1. Return the loop-located chymotrypsin sites (Phe, Trp or Tyr not before Pro) in the range 270-371 (DSSP other than H, G, I, E, B) with at most 12 other Cβ atoms within 10 Å of their own Cβ; answer none if there are none.
2. Please report the equivalent ellipsoid semi-axes of the range 226-294, computed as sqrt(5 x eigenvalue) of the Cα gyration tensor, largest first, in whole Å.
3. Antiparallel as a % of all DSSP beta bridges within the chain, to the nearest 5?
4. Please list, in chain and number order, the residues 5+ apart from Ile375 or on another chain whose amide H is under 5 Å from its amide H, with Hs placed from the backbone.
5. Can you give the net charge of the other residues whose Cβ lies under 12 Å from the Cβ of Arg19, counting K and R as +1 and D and E as -1?
6. How big is the range 53-140 in terms of Cα radius of gyration and Dmax, in angstroms?
7. Based on the Cα atoms of the range 293-393, what semi-axes does the equivalent ellipsoid have, where each is the square root of 5 times one gyration tensor eigenvalue, given in whole Å with the largest first?
8. How large, in percent, is the carbon and sulfur part of the accessible surface of the chain at a probe radius of 1.4 Å?
Amino acid sequence: MDYEAIFQQSIERLKSERRYRVFADLERDASRFPVALWRPDGQADQPREVVIWCSNDYLGMGGHPAVVSAVVRAAERHGAGAGGTRNISGTHHPIVELEQELADLHGKEASLAFTSGWISNLAGISTIASLLPNCLILSDELNHNSMIEGVRRSGCEKQLWRHNDLAHLEELLIAAGPDRAKLIVFESLYSMDGDIAPVAGIADLAKKYGAMTYVDEVHAVGMYGPRGAGICERDGVMHRIDVIEGTLAKGYGTLGGYIAASASIIDAVRSYAPSFIFTTALPPTVAAGACAAVRHLKTSGQERARHQRMALLTKHALRAAGLPVMENSSHIVPVMVGDAETCKKASDLLLERHGIYIQPINYPTVAIGTERLRITPTPRHEEAHVADLVEALVDVWKTLGLPLTEAEIIPLRRAEPEAVCTYPEMKRAAE
């Protein structure tokens, strides 16, 4: 058997379906983010300066002085690695401090840190559901891959409810009956469309029909709520959700994932989840940096306010230029393309012609026919960056023959309806 040929054919199949992913060699500069150096293939010695517009380091905390300083101090004091799994020697003091901060952040009795948000969902959902007798998992149809894998790993029966559809969720809860264990799993903020779940309504239904709730706040922690605890905190329902899962790799700018819940739930996951028990712990450097980021954002709203302003400004500027921005109320700025090959061409043109880095979002991340560019403004983008982005996207749209909508004058801030933003005005202001 020609094993190599099998793998090569599988790669060629991805390329033919326009789903083959290409990674850009980027060198971030903590002091100049979102500016980075890009080294094109075969030109490693000729780096080009680019502006990143698709980073999940939403608040730029990866380069925050408090975070960097905490990482450096931890490396000097504790070394680079964790030394083993949590059972062996990986329960070092920085990770204990981090878990205390996370439990406090979400108003829960305890929390548990994992090596990634993907693993925390896999371990959390699968372990909790498998320990509940005859558990039925009710999963939003647009849940992230990590949640889907957690549901699969549990071995429990699952039913999908239509995205954010409370009436459909209630139908399924009624059909399940009052005596069956039920776990509702959903995201607070869906990262590809940028829409937000009706968390309070889900909590109401869970209480009414005796279900547990598990929410993924990965794209909201750090960015929403008075202390950055996410959509559940912002909406005043954090205490009504049983398990809150989050990441340290986005709003907090470091690495890792976690769940926060009652002491008994956390202890059960700690004791039963293989993907926790047999995995080396987060190193002290990462735990210390994440802890510093969590502490800072509990008391500082400056980054969140600037972040929301830049997201709103970017959306308005793109719409004013006639670009097809999908409607949502979050910081995610999806610009619809609708074709995988065209989306990749748009991404390549932005990088090569304009020095703007935005990765194409294609299947299976989004459905076929809904391919898009996913833009994520940060507090460290400036108005001049926004003006350059709009000009570049309009050029790419015209080059590829993509349709533009009629340019509109759109309110710049919801709180100030008299303020308006048009692309030409923004460009003049930036210049």
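1. Details: sites: Tyr272, Phe276, Phe278, Tyr357; in loops: Phe278.
Loop-located and lightly packed - Phe278.
2. Working: eigenvalues 93, 72, 13 Å².
For the range 226-294, the ellipsoid semi-axes come out as 22, 19, 8 Å.
3. Details: 28 of 47 bridges.
So the antiparallel bridges in the chain amount to around 60 percent.
4. Residues meeting the amide H criterion: Val333, Val335.
5. Values: positive: Arg13, Lys15, Arg18, Arg21, Lys344; negative: Glu12, Glu17, Glu341, Glu371.
With Lys, Arg at +1 and Asp, Glu at -1, the net is +1.
6. My reading of the Cα-based Rg and Dmax gives 16.6, 49 Å.
7. Numbers: eigenvalues 129, 51, 34 Å².
Each semi-axis is the square root of five times an eigenvalue, giving 25, 16, 13 Å.
8. Details: 9980 of 18980 Å².
Taking all protein chains in place, the chain shows 53 percent carbon and sulfur surface.
The values are calculated or read from the model by the stated rules, or taken from the named source; none is laboratory data. On a predicted model such as this, the values are computed, not experimentally measured, just so you know. All Cβ positions, even for glycine, are placed from backbone atoms using ideal geometry, and neighbour counts span all protein chains on display. Only protein heavy atoms, including side chains, enter the accessible area calculation; ligands, DNA and RNA are left aside. Shrake-Rupley method; radii C 1.70, N 1.55, O 1.52, S 1.80 Å.
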